[in-house]
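Read the structure below first, then the notes.
Derivation of every value follows stated rules applied to the coordinates shown; laboratory data play no part. Predicted model only: the values in this text are computed from it and were never measured. Quick reminder, even Gly has a Cβ in these numbers, built from the backbone with ideal geometry, and neighbours come from all protein chains shown.
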Amino acid sequence: MASQDWFDKDFYAILGVSKDASDADVKKAYRKLARKYHPDQNPGDAAAEAKFKEISEANSVLSDAEQRKEYDAVRAMGGGARFTAPGGAGAGGFEDVFGGMFGQQGGGARYTFRPGAGGPGGPGGEYDDLLGGLFGGGRFGQPTGGYRGFGGPTKGRDVTASTTLDFITATRGDRITLQTAEGREITVNVPAGVSDGQKIRLRGKGHPSPDGGEHGDIVLTVKVRRHPVFERDGLNLRVNVPVTFAEAALGATIQVPTLGGDPVKLRVAPGTPSGRVLRVKGRGVETAKGTGDLLAVVQVAVPAHLTKDAEEKLREFQSQLPDEDPREDLLAKARSS
């Protein structure tokens, strides 16, 4: 993950959740804040962009079970403490141990040790090596790999990132190029049917290992722009289709748009009510797991203006209808509940 001082940052407070929050609570809190502070929603707002990066960093740790466990352990050790060499105020304890190791004899020299999973220069470089040597090798007394312990080499740190895709690209999939913070270009195969908020893990595209192990990953969060006509419903595509009162009452054959293709013809049966769903098989989202349908939702369009002649004929039509209240059942159910 991106470098940060785990001692100084309270990721739970950043997301507004308790330390015993479930994975679902963490995910819910992150999504709510991400929608609020996303750069697309706050163009040119540097404070919102900084806040978005902060909550993304917090989520990347708390949403990963292994990193969250390690973070909790780090925070439990001191919550922002700093260890000083002998000669500074309050010498003793860790200070004596570290001072003896470095040969310090006063002068108030100060050392800062930061936790994490990286090598020297990254989070946890000096701290892991030092405590590993004191407590039996490895991070906080646990065996690791490479030059800091035994067993296999350690994996490089993961990196979190985000990108915004247009609706069609997310639906059909594509090959896109992203640029990292260091200016490195990465090609990503976006699978068909990726949804808003979904995470894509790019294996081996993160930071290198400090001791010869495999690279970390990039965890890419996808945001999908809204389409002016279609919306996702699982693998199905949903579209609202207006019809006239006459078409709904008498029946008609209408044209319905498809995503990126030619319109299809659908039969509206006589007496079709507003809200009825007409299904077109196989014209939804196509993925390796299956193909959805196109769901055309009928919306009866009411004319906003009538000519005097049309109004008179409509009143004549109304007088020929049965004398019944279409809301009678609705009111009865409301009273009995």
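Distances between placed amide hydrogens fall under 5 Å for residue 258 paired with 264, all partners being 5 or more residues away or on another chain.
Taken about its Cα centre, the stretch 159-224 carries a charge dipole of about 180 debye when Lys and Arg each add +1 at the Cβ and Asp and Glu each add -1 at the Cβ.
Working value for the stretch 231-336: equivalent-ellipsoid semi-axes of 34, 20, 11 Å, each the square root of 5 times a Cα gyration tensor eigenvalue, largest first. Charging the Cβ of each Asp and Glu at -1 and of each Lys and Arg at +1, and nothing else, the dipole of the stretch 202-292 about its Cα centre rounds to 340 debye. Compared with the direct C-alpha span, the chain from residue 331 to residue 274 gains 18.6 nm at full extension, assuming 0.36 nm per residue. Here the extension length gained between residue 175 and residue 307 equals 42.1 nm, from 0.36 nm per residue of separation less the Cα-Cα distance. For the stretch 159-224, the average shadow cast by the Cα convex hull is 4.3 nm², which is a quarter of the hull's surface. For the stretch 53-74, backbone nitrogen atoms closer than 18 Å to the point 7 Å from residue 42 Cα along Cα-to-C-beta are found at 53-60. In this simple spin-label model, placing a label point 7 Å from the Cα along the Cα-to-Cβ direction at both residue 287 and residue 19 gives a separation of 3.8 nm. Using the alpha-carbon positions of the stretch 174-286, Rg (one decimal) and Dmax (whole number) come out as 21.9, 75 Å. Bridgeable aspartates and glutamates around residue 313 (alpha carbons under 19 Å apart, same-chain partners fewer than 8 residues away excluded): 247, 323. Take the Cβ atoms of residue 314 and residue 168, set R0 to 41 Å, and the FRET efficiency comes out at 0.45. Database remark: amide H of residue 209 closer than 5 angstrom to the amide H of 156, 215, 216 (H placed geometrically; neighbours at sequence offset of 5 or more, or on other chains; Pro and chain starts carry no H).
The stretch 215-288 and the stretch 20-70 have Cα centres separated by 32 Å. Evaluated with a Cβ-only charge set (Lys, Arg +1; Asp, Glu -1), the stretch 231-336 carries a dipole of roughly 540 debye about its Cα centre, given to the nearest 20.
When the C-alpha to C-alpha distance is required to be over 29 Å, the pairs from 19/289; 155/199; 69/205 that qualify are 19/289.
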